[in-house]
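Worksheet: one structure, shown below.
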Amino acid sequence: MTTSHPSGDERYAAIDRTMKRFKYEKDALLEVLNTAQETFGYLSQDLLIYIAEQLKLPLIRVYGVATFYHMFTFEPLGEHNAIVCTGTACHVKGANAIIERVCAEMGVELGQTTADGLFSLTTARCLGSCGLAPVAVLDGKVRAKETPDGMVRHVREMVGRTKDLTEQQERVA
């Protein structure tokens, strides 16, 4: 039942393999969405439609699952990403101050990517690490008991390394 996507984009083959592995069961939706996110970097409307059609699910169900989980995004993210937890414990311990400071220092709006495409800032309703509040995830690495100053320092280091590598590559070329 594996079909190729009309666009000819070979990345769809990874999604097809996942669906085939799970025998196109509707219960495989989360696995398929994970594969799509990992393969494409985000879930476009076309991608959600493709998944819905292949799994024979209503688009609203696919969209509902995708919007429920914080790990799914619907627009391309920057090269580096930060997720700040806004759950109750993190909120009480200063998550909003972290978000405001990072937005101001990096020149980015919450949920957006910097103009140079290097950094995206998003939030999650809860990361399940309340005892470590406030929590942030920087490029997949959990940062516990984060502060506004610490978060800005870590983000600058993360983005700065990328800028340095890009500048070195441009000089070599």
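Of note:
- Cys residues of the chain counted as unpaired, since no other Cys beta-carbon is under 4.7 Å: Cys103, Cys126, Cys130
- Amide H contacts of His80 (H built 1.01 Å from N, under 5 Å, at least 5 apart or other chain): Phe119, Ser120
- Taken one residue at a time, the phi angles of region 34-39 give Karplus couplings (6.51, -1.76, 1.60, θ = phi - 60°) of 4, 4, 4, 4, 5, 6 Hz. Gly and Pro are set to x.
- Helix-only CD estimate at 222 nm, as mean residue ellipticity for the chain, using -39500 (n - 2.57) per DSSP H run (n ≥ 4): -15500 deg cm²/dmol
- Sequentially through region 20-32, phi angles give Karplus couplings (6.51, -1.76, 1.60; θ = phi - 60°) of 5, 4, 9, 6, 6, 5, 4, 5, 7, 3, 4, 4, 5 Hz, Gly and Pro residues having no value and appearing as x.
- Karplus-derived HN-Hα couplings along region 129-136 (A = 6.51, B = -1.76, C = 1.60, θ = phi - 60°), whole Hz, x at Gly and Pro: 10, 4, x, 9, 4, x, 10, 9
- Annotation: amide H of Arg143 within the under-5 Å range of Ala136, Val137, Leu138, sequence separation 5 or more or interchain, hydrogens built in the peptide plane.
- Identified option (computed semi-axes √(5λ) of the Cα gyration tensor in Å; candidates (1) 33, 22, 12; (2) 33, 15, 13; (3) 28, 15, 15): (1)
- Taking amide H as placed 1.01 Å from N in the peptide plane, Ala124 has its amide H under 5 Å from the amide H of Val84, Cys85, Thr86, each at least 5 places away in sequence or on another chain.
Read-outs: derived from the displayed coordinates by stated rules, not from any lab. Just so you know, these numbers come straight off a predicted model, no measurement behind them. For neighbour counting, all protein chains shown are included, and Cβ atoms are generated from backbone atoms with ideal geometry for every residue, glycine included.
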